[in-house]
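These notes concern the structure reproduced below.
Taken together, the values in this text are just the output of simple stated rules run on the coordinates, not laboratory data. What you see is a predicted model; the values in this text were computed from it and never measured. So basically every Cβ, Gly included, is an ideal-geometry build from the backbone, and we count neighbours across all protein chains shown.
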Amino acid sequence: MIELRKIWFSYSGDRHVLRDVDAQFDRGLTVVMGPNGSGKTTLLKVSSLLYKATKGKVMVDGVDYWSLKDPDKLRVRREVIYVHESPRVIRGSVLDNLAYGFKLRGLREGEALREVLRLVELLNMKHLAEERAVGGLSIGEKQLIALVRALALKPRYLFLDEPLAHVHLSKRRSVVRVLEDLKDSSAIVVSTHDPLPLLSVADEALLIDEGRVVFRGRAEEALRLVL
Amino acid sequence: MTMCGEILDVVARSLLISSSATLLAAAWSIPASVKLASSRSRWRDPVVGVFNALVGFPAVLVGLLVYLAFSRSGPLGWLNLLYTPQAIIIGQAALITPLFISLSYELFARAIDNYWELAVSLGASKLQAYGLVVKEVLGEVLVVVLVAFARAIGELGVALLVGGNIKGTTRVLTTAIALEVEKGEFDKALTLGLLLLLAIVVVAMSSRLIKRRLS
Amino acid sequence: MNAFKVAAAAAFTVIVVASVYCMLVTSSNGGVLRVATTTSLYYTGLLDRLVDDFSRAYGITIHLMPLGSGQSLELASRGDVDVVLSHAPNLEKRYLDGGFLVEGRIFAFNYFVVLGPKEDPAKISGLADPVEAFKRIYDAGLRGEAVFVSRGDRSGTHERELALWREAGLNVEGCEWYLDVGSNMVKALLVSDNLGAYTLSDVGTYIKLRSEGAVDRLVVLINEGEELVNVYSAYIVNPNKFKVNYGMARLFVEFLTSDECQAAISSYGMGEYGLQIFHPAKGVIPMLTLCWQKQALGG
C-alpha cells in the first residue's frame, strides 16, 4: 500500500500545489478527478515517488520511502510506474521503446517480448509495433506505446496521468478493458479531468481542487456526484 | 623551416591547442550544466543568467585577466605558465566556458525534464537514468562542443595576451593572421584566414557525420 | 548522485593531471630567453635574422614577442620577460626610474619620417625643423586644409608624435582634423593614404608598404632633424626584482652591440628594399645618447 500522510508540495518556494493531502492506494482502480491545474499531476508524481514532498510522508508498505537508502529506494521504485500525460519516447524503434522497462530490470528480451506482444495483440496495434522509428508517430500512437511499455511490466503500483487524453476514441474501450484486467493484482491510479469513461469500472475516487482533497470515497458515490 | 612547413606548423598547433581547450572546458562545463539543470535551487536561474551574459565577454578582457593571473607578479605566477601553449589552453577554456554552459544547460535541462524522469518513472537506477540522458543528448552535446571549439580557435585576444605570439611555441592561426595584417602582408593573412575557415569547416563536417552515426 | 560524483571526480582528475603536466613541461623553461620587442624591429624581419644568428652562436632559444613599446615595457615591469627592445625614450625613462630595467644599451637607430600627400597643403616639404612642420600642419588643419592621422596606441612612434606636438606648444586633443586611429603603423599608413593625411611613421614600415604599392599617395616630406632620430635600445629586466635569466640576457644584449651584429644591422634591407632601413649605433653612441636624453626629458 502507498500512503500519503499530510503532504504539502511547492515548486521552488512558490505557492503550494498540494495542501495537507492524505490518500491511500491499494489494489484496485482509483480515479483522481479535478479541474485543470488542481494538482492532479503533482499528486500522482509525489505518489509514484518521482517528487519528494515539501512536507509530509510517503509510506510504502508502512516504510517511509524518502528515508530509505539508494539501493532500497530502487527496489521499491521498480514496483511503481508512472506514465506521463504527454507521452515520452526514446530514440529508436517502437520495440526498443516497448522493451525499455524490461531492459532496465536486466530481463532477457524473449521474456519481455511475450508480454509486450500479448498487449500489442490486445490493443490491435500490430502494425504500429513494426514501426522502425518512433520519431514520426502521432501523439496518440506515442501514448499507446507509453501505456503498453508500462502495462507490460505488470507493476504493483501504476500511476497513469490522463491516459486517454490523446488516445483515439476507437482504442479507449480496449485500454479501459486492459486496466480492468490488471486492477485485481495491482493498484492503478488514473488522473483525468473527464472521469465518466473510467468511473464505471473504478473502485475508489478522489476529487481534488486547488491542492486539497475535497472528496474521497467509493466510485459509485463519485459517479452520483458527477452526474 | 620552409614557409609551407611553417604554416602547417601553425595550423597543427591551433588545432591542438583549441581542441585541448575545448576538452578542458568540457571537463568542467558538462558536469556543471548537468548539476545546474538538475538543481531545484532558487539560485539556479540567476547563475544561468550570469553565464548567459558572460557569453558576450570580449576575448581580449579574458586574455588580460588570465595574463594578470599568470604574470610573474600575479597570484598564479609561480606556476610559470605565461607564454606557454598550456596558458592559451587554460585561457581559451575559460573564455568558452560561459558559452559551453549556456548551451549545454539548455540541452540538459530539456533532457533531464524529458528523459531522466521517464527513466526513473520506469524503474531506472540513477546511473541508468543518466545513461539514458547522455545517450539521448550525445549528438546535440557534440554540436555544442563544436561551437565551443569554433569560438576557441577563432579567438585572438587570449592567444595574443597569454601566449605572446611566439614563433614555434605559441603562434596560432589568429595571432599569425593579426601579425601578417600588421606587417601589411595581406595575401599571407588571407591565406591563413582561409586555412582557419577550412579547419573549422572540416571539424564541423566530421562532427556532423559522427552525430548522424550516433542517432 | 553517484553518476554526478563520478563525472565530477573525472573532471577533477583531468584538471589536476593537466595542471601537473603543465607545470612539469614548463618548469624546464629555464633555458629560454624571453624578449619583448617593439613591432617595427620585428615586422621588417631584422630581429628574426639577428636572433637566428645569436641562437646558432650560443645555443640559446629565444622567445620573441612582438608587442609594441608600451606593452613590452609594461610586461617588463611585471617581470614577465627578460629583455625589452624599445624605441620610446620617455617611456623607457619612466621604467628606468622605477627600477624595473637595468643596463640600457643603444644598438640601432633610424629616422622617423613626416609623411603627407604629394600636394602638401601645409607646405612643409623641405623644412629642416620638424617642430615647425607640425605647427604648419596645425594651422592648415584649423583652416580645414589638412588632416593628421595619429596611431594613438602608446607605441614609440605615437610617443614621439605627442612629444613633437608638445615641443610645438600645441594641444591637438579634440581637434576635428586630428584622427586618433588607435592602431598599428600599417593601418595608420593605409588610413593616411586613403585620406591624403599627414602622419608620422618609422621609415621601415613605410618603405615596406610603398614597395608593395599600398601607399602610393604618401610621400616623405621631412626626414631630418634630431627630433626625428629614432633610437632603439635594449634593456634587461632588473634581476634584483624578478627571477630573470640574467646570464643569457646579458649575452644577448652584448651580442646586439657586437661588431658582427652591428654589421648585420647596417646591411639589412639592402637586398630586399634596396635601402638601408636601420643604422648601427656603433660609432655614434654619444650623439644618440644625447638624442635619447633630450627625447626622454622632453617626453
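Brief remarks follow.
- Ordering B:Ser71, B:Ser41, C:Ser69, B:Ser102 by the number of other Cβ atoms within 10 Å of each residue's own Cβ, fewest first, gives B:Ser41, B:Ser71, B:Ser102, C:Ser69.
- Tilt relative to chain B, helix B:59-70 - C-alpha long axis, 0 to 90 degrees, to 10: 80
- Amide proton proximity set for A:Ser10, modelled H, under 5 Å, gap of 5+: A:Val17, A:Thr54
- Short-range pairs are left out: with C-alpha atoms under 8 Å and at least six residues apart, the relative contact order of chain A is 30 percent.
- Using Cβ point charges alone (K and R +1, D and E -1), the dipole size of region A:32-81 about the Cα centre works out to roughly 140 debye.
- Taking A:Asp61, C:Asp82 and counting other C-beta atoms within 10 Å, the order from fewest to most: A:Asp61, C:Asp82
- Distant-in-sequence amide contacts of A:Gln24, defined by a placed amide H-H separation under 5 Å and a gap of 5 or more residues or a different chain, comprise A:Leu4.
- Using the Cβ of A:Asp161 as centre and a radius below 9 Å, the other residues enclosed give a net charge of 0, where K and R count +1 and D and E count -1.
- Karplus-derived HN-Hα couplings along region C:136-151 (A = 6.51, B = -1.76, C = 1.60, θ = phi - 60°), whole Hz, x at Gly and Pro: 5, 4, 4, 4, 4, x, 4, 6, x, 9, 9, 10, 10, 9, 10, 6
- Chain B - Rg over Rh from alpha carbon coordinates, Kirkwood radius: 1.04
- Three-way shape label, region B:14-64, alpha-carbon gyration tensor, a/c 1.5: oblate
- Subset of A:Lys142/A:Lys183; A:Lys45/A:Lys142; A:Lys6/A:Lys171; A:Lys45/A:Lys103; A:Lys126/A:Lys183 violating a 28 Å alpha-carbon distance limit: A:Lys6/A:Lys171
- Within region C:221-299, the trypsin sites (Lys or Arg not before Pro) that combine a DSSP coil assignment with at most 15 other C-beta atoms in a 10 angstrom radius are C:Lys243.
- Ranking of A:Ser38, B:Ser19, B:Ser125 by count of other Cβ atoms within 10 Å, fewest first: B:Ser19, B:Ser125, A:Ser38
- Chain B, helix-only ellipticity at 222 nm - DSSP H runs n ≥ 4, -39,500 (n - 2.57), divided by all residues, nearest 500: -25500 deg cm²/dmol
- Degrees, to the nearest 10: B:126-154 long Cα axis against longest axis of chain B: 20
- Average Cα contact separation per residue, chain C, under 8 Å, 6 or more apart, as relative contact order %: 26
- Percent of Cα pairs in region C:111-227 per distance bin of 10 Å, from zero to the largest separation: 15, 53, 30, 1.
- Using equal-weight Cα scatterers in the Debye expression, the normalised intensity of region A:61-147 in log10 at q = 0.13, 0.23 Å⁻¹ is -0.51, -1.16.
- J(HN,Hα) series, region C:242-250, from Karplus relation 6.51 cos²θ - 1.76 cosθ + 1.60, nearest Hz, glycine and proline x: 9, 7, 10, 6, 4, x, 5, 4, 4
- Vicinal HN-Hα couplings computed from phi for region B:8-21 (Karplus, 6.51 cos²θ - 1.76 cosθ + 1.60; Hz; Gly/Pro x): 4, 4, 5, 4, 4, 5, 4, 4, 5, 5, 6, 6, 4, 4
- Distant-in-sequence amide H partners of C:Gly182 (H built 1.01 Å from N, under 5 Å): C:Gly152
- Debye intensity ratio in log₁₀ form over the Cα atoms of region B:1-125, taken at each q of 0.11, 0.18, 0.21 Å⁻¹: -0.53, -1.01, -1.17
- Measuring between alpha carbons in the structure, the pairs from C:Lys243/C:Lys282; A:Lys57/B:Lys126; C:Lys118/C:Lys208 lying more than 29 angstrom apart are C:Lys243/C:Lys282.
- Cα gyration tensor category, rounded, prolate or oblate, for chain C with a/c compared to 1.5: prolate
- Judged by the gyration tensor of its Cα atoms, with axes a ≥ b ≥ c, region C:19-145 is prolate; a/c meets the 1.5 cut and a/b is the larger of a/b and b/c.
- Computed from Cα atoms, the angle from the helix A:94-104 axis to the main principal axis of chain A rounds to 60 degrees.
- This model, with +1 at the C-beta of Lys and Arg and -1 at the C-beta of Asp and Glu, gives chain A a dipole about its Cα centre of some 500 debye.
- Kirkwood-type hydrodynamic radius, the protein assembly as shown: 31.4 Å, calculated from all non-identical alpha-carbon pairs.
- Overall, the protein assembly as shown carries a charge dipole of about 3180 debye about its Cα centre when +1 sits on the Cβ of Lys and Arg and -1 on the Cβ of Asp and Glu, all other atoms neutral.
- Each Cα pair under 8 Å and six or more residues apart adds its separation to the average, and for region B:1-87 the resulting relative contact order is 16 percent.
- Volume in Å³ per residue [convex hull over Cα atoms, computed for chain A]: 127
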